[in-house]
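The values are calculated or read from the model by the stated rules, or taken from the named source; none is laboratory data. All figures in this text were calculated on a predicted structure; none of them were measured in a lab. As a convention, Cβ positions derive from the backbone with ideal geometry for all residues, glycine included, and neighbour counts pool all protein chains shown.
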Amino acid sequence: MTAARDISSLVQHFGVGARASLAVTHNGVGYFAVTPQAPYDGALPAAEQARQLLAKADGRLAEIGSGKDRLLFVAIIVATMDDKDAVNAVWDAWVSDVTPPARACFEATLASPDLKVEMIMLCATGQGDASRAS
């Protein structure tokens, strides 16, 4: 084994764009951020944006060989804490059939004024895990 190991063979990128990848996996862990469906509809309540976002998260988790039952940590970012309870209600329903991951919820200015919620997710994947069936 050489001292300078090529890390590109250990990292898998999904949905590669000019600015970012939709998801990245490395050493059995997946990393991604997820937003509601684009174009963002600022007229939708935060709860509906959260439902859209979690539907996208289900798809992204499946694409990288994971699922919500394998989430390790989720950061929930709301544009205003006034929406925290509505987003939490949608979140609670979504994780009601699994052991929920560690998580944090905080307020921040998001990239678009029409965005009310965004999430950053880390999950276990099948990559590098011989015990997980494909």
* Which one is nearest to residue 82 (Cα to Cα) among residues in segment 92-120 that are in contact (Cβ under 8 Å) with a residue 60 or more places away in the chain and among the charged types (D, E, K, R)? -> 116
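The rows are residues; the columns are (1) under 19 Å from residue 115 (Cβ atoms); (2) touching a helix residue (DSSP H, G or I) at 6+ places or on another chain (Cβ under 9 Å).
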{"position": "16", "(1), (2)": "no, no"}
{"position": "27", "(1), (2)": "no, no"}
{"position": "30", "(1), (2)": "no, yes"}
{"position": "33", "(1), (2)": "yes, no"}
{"position": "40", "(1), (2)": "yes, yes"}
{"position": "68", "(1), (2)": "no, yes"}
{"position": "82", "(1), (2)": "yes, yes"}
{"position": "101", "(1), (2)": "no, yes"}
* **Unique residue being at pLDDT 95 or above, in a helix (DSSP H, G or I), crowded, with 16+ Cβ neighbours inside 10 Å and not charged (D, E, K, R) when the list is 110, 53, 115, 44** => 53
* Run residue 73 past the list (1) part of a loop (DSSP other than H, G, I, E, B); (2) among the aromatic types (Phe, Trp, Tyr); (3) under 21 Å from residue 100 (Cα atoms) and report the number of the one that doesn't hold. => (1)
* To do: Sort out which residues of segment 23-41 are closer than 26 Å to residue 86 by Cβ and either among the charged types (D, E, K, R) or not in a loop (DSSP other than H, G, I, E, B) (or both), and write them in order of number.
  => 32, 33, 34, 41
* Of (1) closer than 18 Å to residue 123 by Cβ; (2) out of contact with any Leu (no Cβ under 8 Å at 6 or more places or on another chain); (3) in contact (Cβ under 8 Å) with a residue 24 or more places away in the chain, residue 62 satisfies all except one. Which? -> (3)
* To do: Show the residue pairs that are 6+ apart or on different chains and have beta-carbon atoms under 6 Å apart, the first residue being within segment 19-38 and farther than 12 Å from residue 64 by Cβ, the second being part of a strand (DSSP E or B) and of a type in the set (Asp, Glu).
  => 35/118
* Asked: Got at least one residue in segment 59-80 being over 22 Å from residue 13 (Cα atoms) and exposed (fewer than 15 other Cβ atoms within 10 Å of the Cβ)?
  -> yes
* Residue within segment 83-92 that is outside any strand (DSSP E or B), within 12 Å of the chain's Cα centre (by Cα) and either surrounded by 12 or more Cβ atoms within 10 Å (Cβ to Cβ) or not aromatic (Phe, Trp, Tyr) (or both) present -> no
